[in-house]
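Please treat every number below as a calculation from the coordinates, not as lab data. Predicted model only: the values in this text are computed from it and were never measured. Neighbour counts are summed over all protein chains in view; Cβ atoms, including those assigned to glycine, are modelled from backbone coordinates with ideal geometry.
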Amino acid sequence: MDWLRHKFEIPGAWELPADHRKWIWTNVMKAVMFEAFLAKKYGTEKRFGLEGCESFIPCMNQCCETSTEN
């Protein structure tokens, strides 16, 4: 498991281009804004939020886009 720890702890190992970082930020903000809309419109309804799952949104989006390319 040391190889995995070293892979993730290398400084700059996961540097992304600015346009990709902007794409990730935009998707996370869309999800957060949609969650806020649902909370306001359906405040009394039971629902599940994004608390702690914000990074899951761009990950799933990238998986969907990659799967359509192959």
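Would you compute the Debye intensity of the chain from its alpha-carbon atoms alone, equal scatterers and no solvent, and pass along log10 I(q)/I(0) at q = 0.15, 0.18, 0.19, 0.24 Å⁻¹ to two decimals? Cα-only, vacuum Debye calculation for the chain: -0.71, -0.89, -0.93, -1.10. Spin-label model, Met1/Ala18: points 7 Å from Cα along the beta carbon direction are separated by 3.9 nm.
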